[in-house]
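K.L.:
Structure incoming, see below.
Every number here is computed from the coordinates shown, using simple stated rules; none is lab data. Predicted model, so just to flag it, every value in this text is computed and none were measured. Positions of Cβ are generated from backbone atoms using ideal geometry, with glycine treated the same way; all protein chains shown enter the neighbour counts.
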Amino acid sequence: MSTPGLSSSRFDGYSEARLLKRAKWSDGLFAVLGLLVLVATLLVLGALVADFINDGASRIDGDFLTSYPSRRPGSAGILSAWVGTTLVMIVTAALAVPLGVAAGVYLEEYAPKNWVTDFIEINVTNLAGVPSIIYGLLALGLFVQTLAMGQTILVAGITLALLILPILIVATRESLRAIPQDIREASFGLGADQWQTVSGYLLPAARPGILTGAIVGMSRAIGETAPIITIGALTFIAFLPPSPIQSSFPFVNFDWLNSPFTVMPIQMFNWVSRPQAGFHINAAATGLILLAMTLLMNGFAIWLRYRLRRNLR
Amino acid sequence: MATDSTLTMSTPLTAVRLVPTDAFLRRRHLLDRTMRVVLFLAAAVSVLVTAGIIYVLVSESVKFFAQVSIWDFLTDTQWTPVFQDKHFGIMTLLSGTLMSTLIALAIAVPAGTILAIYLSEFARPRVREVIKPFLELIAGVPTVAFGYFALLFLTPIFQKFIPGLATFNLLVPGIVIGIMILPYIVSVSEDAMRAVPDSLREGAFALGFTRLQTGLRVVVPGAFSGITAAFLLGMSRAVGETMVVAVAAGQQAKIAGNPLEGAATITSYIVQLSMGDLPHDSIAYLTIFAAGLTLFLLTFAFNLLAFWLRRRYREAY
């Protein structure tokens, strides 16, 4: 390749080959480096799961699930914690899903292009980045103090619902955006108005995507600890909230909404903060259950999204 | 649309309701109008949430700053709100937050950039499809579980190699936060890299660039604002991360100079104080809102800058 007249050191055949070799070599080196970083990251996830199984799996049994917290680590359990988590999640889902879907539909299908829409959109983006503990301070200052609602299941549910609202709005918008424009035009062409189009065609088509967002949001809410600590939820709860179902008319009872409570991440934080090793085992057992729940939910959401993408193709 | 057995050719169409009646149309129109307003109100809730956050943080902080001067808040080097001799120097908590954030970024920025380049330029699509869900799973782990992992698994291991490492320290929580924000940084910066048009890559390959050269000299510069946005968003998360530091970094409020020792951060201080039962008119109670306002402003600045940068790169291609 080298021309006799151009035999500067940069262009002679020898260093050109060396240059090429070095470039290919660094290419291969980077591929190995990328793979190493990847393996290291996944190893951390693996180590975390293995650590929880190792420390906590043997502690999980029927008694652990049906006992109240106790001063003796051996007889303590998470009954009040998992019941509390379940009830808080019911409130969170009941608020966040309709609100998030409605807001998503508005922003994607209805909103005119103007400064109000821009403002709402920037606002949602910003809310998604607000640290969760700030939502806790909002709940403490507004719900617990100003509105005097107390440290109840209802307040915790509302707080977590506001926290996961951006996740649901974004998921709704993305799944609406993926619906072909033809569907809207066909519906309008048949004389449907906007609401009929949304409720009859768009929402059913967007359902799997919205479901994915809802699951990811709920799994985030289940694991959240900081905002619930901030509202001052008690950590030693040795009783259950009143039952939502009763034998006499009207058969449902909403007193549980105003009951004090604890949830699984709080119980875990409480136990991990104590010096005794026995409580650390309890924390690991609680963490393992939490981890299993959130990983399963996320795994299901990922699988759902994967299937959805394959169907669209 | 009734199917009436007594239909004849002379039955007027409106009588069999093939054509919607005025009443039906009016009802439908009313529903459409109502739903438009209802949906708008739902979207407006998000604005109310922001307004609520700002209102609570500012109104409580105003009460705080009526008793403590802003100058003392920013320059005092001690933080002792519940002691007899009260000091309110936010720099102590801020130094803990910044130290853990810097350690997290020292892990997440190089690892995140390498992984993003690897996924967007090197990995085959099939490999990418398999790997990304696993990264998402890391993002789904509850933060309190990461706290347990930092305190009871990683710290004892690190103590074998680093002699001076305290049980509660900033180093290990910082590293764990780095791993936590890694999937997020990878996902945002990989998005930005994939938004770089393929024609630029093909041009580079045609000039004889290798994959790595294309990645470093074409794709990374092309996606620079998006990658910066990813770092800023990761930083904002690291600053706001609460449970890892609350569990594993200790509660001592002091100017954090040594990562091998523990120190309180803004977030872990708020948790620590919320656990106790303080009277709600005390100055110590008000400190968590002043600390919260500081945290909010910090993350807000990062988020806004990142939003602006991302919007810019989206417009570029």
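K.L.:
Near the amide H of B:TRP79, under 5 Å away, which other amide H atoms are found, from residues 5 or more places off or on another chain, if H is placed in the peptide plane?
P.N.:
Here B:GLY89 satisfy the definition.
K.L.:
With a point put 7 Å past each Cα toward its Cβ, work out how far A:ALA238 is from A:VAL39 in nm, to one decimal.
P.N.:
Calculated label separation equals 5.2 nm.
K.L.:
Mind giving me the FRET efficiency for B:ASN258 and B:THR75? R0 is 30 Å, r the Cβ-Cβ distance, nearest 0.05 is fine.
P.N.:
Computed FRET efficiency for B:ASN258 and B:THR75: 0.85.
K.L.:
On C-alpha positions alone, give me the angle between the axis of helix A:115-129 and the longest principal axis of chain A, in degrees, nearest 10.
P.N.:
Here the helix axis deviates by roughly 80 degrees.
K.L.:
Can you spot the lysines whose alpha carbon is less than 17 Å from B:LYS63's alpha carbon? Ignore those fewer than 8 places along the same chain.
P.N.:
Within the straight-line limit of under 17 Å, B:LYS63 reaches these lysines: B:LYS86.
K.L.:
Provide the packing ranking of B:253-263, B:97-107, A:200-210, i.e. peptides ordered by the mean count of other C-beta atoms within 10 Å per residue, highest first. Can you show the working numbers first?
P.N.:
Values: B:253-263: 19.1, B:97-107: 21.8, A:200-210: 17.0.
Sorting B:253-263, B:97-107, A:200-210 by mean packing, highest first, produces B:97-107, B:253-263, A:200-210.
K.L.:
Work out the FRET efficiency for B:PHE205 and A:THR86 from their Cβ-Cβ distance, taking R0 = 60 Å, and round it to the nearest 0.05.
P.N.:
Computed FRET efficiency for B:PHE205 and A:THR86 comes out at 0.60.
K.L.:
Would you please name the GluC sites (Glu not before Pro) within segment B:79-142 that are DSSP coil residues with at most 13 other C-beta atoms within 10 Å of their C-beta?
P.N.:
Loop-located and lightly packed - none at all.
K.L.:
Cβ under 13 Å from A:SER175's Cβ, A:SER175 left aside: what net charge do those residues give with Lys, Arg +1 and Asp, Glu -1?
P.N.:
Details: positive: A:ARG173, A:ARG177, A:ARG207, A:ARG305, A:ARG309; negative: A:GLU108, A:GLU109, A:GLU174.
Result for the neighbourhood of A:SER175: +2.
K.L.:
For a footprinting-style exposure proxy, rank B:TRP79, B:TRP71 by other Cβ within 10 Å, fewest first.
P.N.:
Lowest count first: B:TRP71, B:TRP79.
K.L.:
Using alpha-carbon positions, what is the distance between the centroids of segment A:35-54 and segment A:122-201, in Å?
P.N.:
34 Å
K.L.:
Quick one: if you stick a label point 7 Å off each Cα along the C-beta vector at A:ASP61 and A:TRP115, how many nm between them?
P.N.:
Between A:ASP61 and A:TRP115, the label points sit 6.8 nm apart.
K.L.:
Now a separate question. How many nm separate the modelled label positions at B:PHE65 and B:ASP281, each set 7 Å beyond the Cα in the direction of the Cβ?
P.N.:
Simple spin-label model gives 2.3 nm for this pair.
K.L.:
GNM, chain B, Cα, under 10 Å: largest mean-square fluctuation among B:TYR55, B:TYR184, B:TYR148?
P.N.:
Of the options given, B:TYR55 has the highest mean-square fluctuation.
K.L.:
Which order results if A:THR286, B:THR167 are arranged by neighbouring Cβ count within 10 Å, fewest first?
P.N.:
On the way: A:THR286 32, B:THR167 13.
Final ranking by Cβ density, sparse to dense: B:THR167, A:THR286.
K.L.:
How many angstrom lie between the C-alpha centres of segment B:76-92 and segment A:68-119?
P.N.:
If you average the Cα positions of each part, the centres end up 36 Å apart.
K.L.:
Applying 1/(1 + (r/R0)^6) with R0 = 25 Å to the Cβ-Cβ distance of B:ARG126 and A:LEU29, what FRET efficiency is obtained, to the nearest 0.05?
P.N.:
With R0 = 25 Å, the Cβ-Cβ based efficiency is 0.65.
K.L.:
Moving on to the next point. Less than 30 Å apart at the alpha-carbon level, and either on another chain or at least 8 residues along: which lysines does that give for B:LYS160?
P.N.:
B:LYS254
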